[in-house]
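> Structure incoming, see below.
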Amino acid sequence: MMSEANPHTHAARAAKLAAAEAVGIDPGFIDRLVEQLYARVREDELLGPVFAARIAHWPPHLARMKLFWGMILRGEGQFSGSPMALHIAIPGIEAPHFRRWLDLFEATLRDLEGDPAATAMVAARARSIADSLLIGIRTQRDNRRDPAAMKGLTHA
């Protein structure tokens, strides 16, 4: 277990939290973001069936997503798990799925927008995560080593 006594870790988390709070990214924002995003995902023609095949009971999944985004955006929480391994295990998931998820994510951010800096910060983190997952799927699940496999959504 990593010690919270590390001053660099503590300073980095404090800076992340201060930056998030300065633009209105608080626990309420994360709650609304996750609830609204995944309501859209469940209704989406492309993504809905992918999620429905894997998630029977949504409240625990939404709670995990709130912990995940709290860690990503605010540097807090006790999220544990392997998003990469979970996504690699989904057969057929590819760039169009991640593009659609990002479209829904960004539409949700626009609906929630208070501070444009918050929208930009959260959208950038979402794009980075989507790129990382897509590259991981291509290289680990699909065993691709071509240059295109190493490019994220902005270069796909």
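The values are calculated or read from the model by the stated rules, or taken from the named source; none is laboratory data. This is a predicted model, so every value here is computed, not measured. Ideal geometry is used to build each Cβ from the backbone, glycine not excepted, and the neighbour counts take in all protein chains shown. Side chains are part of the model used for accessible areas, which takes the heavy atoms of the whole protein and leaves out ligands, DNA and RNA. Shrake-Rupley method; radii C 1.70, N 1.55, O 1.52, S 1.80 Å.
> Using Cα springs under 10 Å in a Gaussian network model of the chain, which residue among Gly24, Gly70, Gly114 shows the largest mean-square fluctuation?
Looking only at Gly24, Gly70, Gly114, the largest GNM fluctuation is found for Gly114.
> Follow-up question, since we're still on this one. Enumerate the calculated ³J(HN,Hα) couplings along the range 122-127 in order (Karplus 6.51 cos²θ - 1.76 cosθ + 1.60, θ = phi - 60°), each rounded to whole Hz, writing x wherever the residue is Gly or Pro.
5, 4, 5, 5, 5, 4
> Shifting gears a bit: Where the accessible area of the range 2-156 is counted over protein heavy atoms with a 1.4 Å probe, how much of it, in %, is carbon and sulfur?
Its accessible area is 59 percent carbon and sulfur atoms.
> Shifting gears a bit: Excluding ligands, DNA and RNA, what is the solvent-accessible area per residue of the chain at a probe of 1.4 Å, expressed in Å²?
56 Å²
> Just to be sure I understand: with springs between alpha-carbon atoms less than 10 Å apart, which residue in Ala56, Ala117, Ala19 has the highest mean-square fluctuation in the Gaussian network model of the chain?
Maximum among the listed residues: Ala56.
> Test of understanding: what is the full-extension gain from Met84 to Ser132, defined as 0.36 nm times their sequence separation minus their Cα-Cα distance?
Answer, rounded to one decimal: 16.4 nm.
> Let me ask something additional. Note the full-extension length gain between Ala11 and Leu46 as 0.36 nm times their separation in residues minus their Cα-Cα distance, in nm to one decimal.
Contour length minus the Cα-Cα distance gives 8.5 nm.
> Same structure again: Report the one residue of Leu134, Ile72, Met121 whose Cα lies farthest in the direction of the positive end of the charge dipole of the chain (charges on C-beta: Lys and Arg +1, Asp and Glu -1; origin at the Cα centre).
Final value for the positive-end residue is Leu134.
> To continue, here is another question. Name the residue farthest towards the positive end of the dipole of the range 19-93 from the options Leu86, Val41, Pro27, assuming +1 on Cβ of Lys and Arg, -1 on Cβ of Asp and Glu, about the Cα centre.
Leu86
> Another one. Against the globular-protein guess of 2.2 N^0.38 Å, express the Cα radius of gyration of the range 1-51 as a ratio, rounded to two decimals.
1.71
> To continue, here is another question. If you bin every alpha carbon distance in the range 109-151 into 5 Å steps from zero, what whole percent lands in each bin?
For the range 109-151, the binned pair fractions read 5, 23, 19, 13, 11, 10, 10, 7, 1 percent.
> Give me the angle, in degrees from 0 to 90, between the Cα long axis of helix 27-43 and the longest principal axis of the Cα atoms of the chain, rounded to the nearest 10.
10 degrees
> Further question: From the C-alpha coordinates alone, can you work out the Kirkwood hydrodynamic radius of the chain, in Å?
One over the average 1/r among Cα pairs gives 16.7 Å for the chain.
> Report, in deg cm²/dmol and to the nearest 500, the calculated mean residue ellipticity at 222 nm for the chain, where each DSSP H run with n ≥ 4 adds -39500 (n - 2.57) and the sum is divided by the residue count.
Only helices count here, giving -21000 deg cm²/dmol.
> Kindly state, to the nearest 0.05, the FRET efficiency for Ala18 paired with Arg144, given R0 = 41 Å and r defined as their beta-carbon distance.
0.55
> Here's something else I'd like to know. Using a Gaussian network for the chain with springs between C-alpha atoms less than 10 Å apart, which of these wobbles most: Trp69, Trp58, Trp101?
Largest GNM mean-square fluctuation: Trp58.
> Moving on to the next point. Under a point-charge model restricted to the Cβ atoms of Lys and Arg (+1) and Asp and Glu (-1), what is the dipole moment magnitude of the chain relative to its Cα centre, in debye to the nearest 20?
Here the chain has a charge dipole of around 500 debye.
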